Amino acid sequence: MPSLKIHRNDTVKIITGSDRGKTGRVLRVFPENKTVLVEHVRVVKKTVSSKQGTRTKGGIAEQESPIDVSNVALVCPNCGPARVGFKVEGDVKTRICKKCGQELPTKK
Ligand SMILES: [Zn+2]
């Protein structure tokens, strides 16, 4: 299983695309596709089907769509959006901010 630099519950900033500049919390990661689902980012309105021939209106549901991890930057608590590096000590691999060296623990 490939692991991504972005983990669930991370705060990320969108760096490209129509949602550029937005920050949000990572809801899900999809390592196989290298995509992440970010709260309130790339929200699409999905029409919920209504029964044909009736006057019942279909509802509209809003749902996030996954975006490529290369389009987001992890937000470091010290310096904002940053590149992520890894530090390995024994069996423990921690993520660090490449700018300031701050450890970026994975929130559960
Ligand atoms: Zn930093």
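Return the ratio Rg/(2.2 N^0.38 Å) for the chain, where Rg is computed over Cα atoms only.
In units of the globular-protein estimate, the chain measures up at 1.36.
Of all lysines in the structure, those lying under 30 Å Cα to Cα from residue 45, and not within fewer than 8 positions of it along the same chain, are 5, 13, 22, 34, 57, 107, 108. Once backbone amide H atoms are built at 1.01 Å from N, residue 76 has 82 as its partners under 5 Å, excluding neighbours fewer than 5 places away on the same chain. Pick from 62, 89, 32: which is most flexible by mean-square fluctuation in a GNM of the chain where alpha carbon atoms under 10 Å apart are linked? Ranking 62, 89, 32 by mean-square fluctuation puts 89 first. In this Cβ point-charge picture (+1 for Lys and Arg, -1 for Asp and Glu), the chain has a dipole of about 320 debye about its Cα centre.
A simple spin-label model places pseudo-atoms 7 Å from Cα toward Cβ; at residue 5 and residue 93 they are separated by 1.4 nm.
From the largest down, the stretch 67-108 spans 32, 22, 19 angstrom on the principal axes of its Cα atoms.
Read the figures in this text as sums done on the coordinates, not as results from a lab. Not measured: the values here are computed from a predicted model. In this analysis, Cβ positions are derived from the backbone assuming ideal geometry, glycine residues included, and neighbour counts consider all displayed protein chains.
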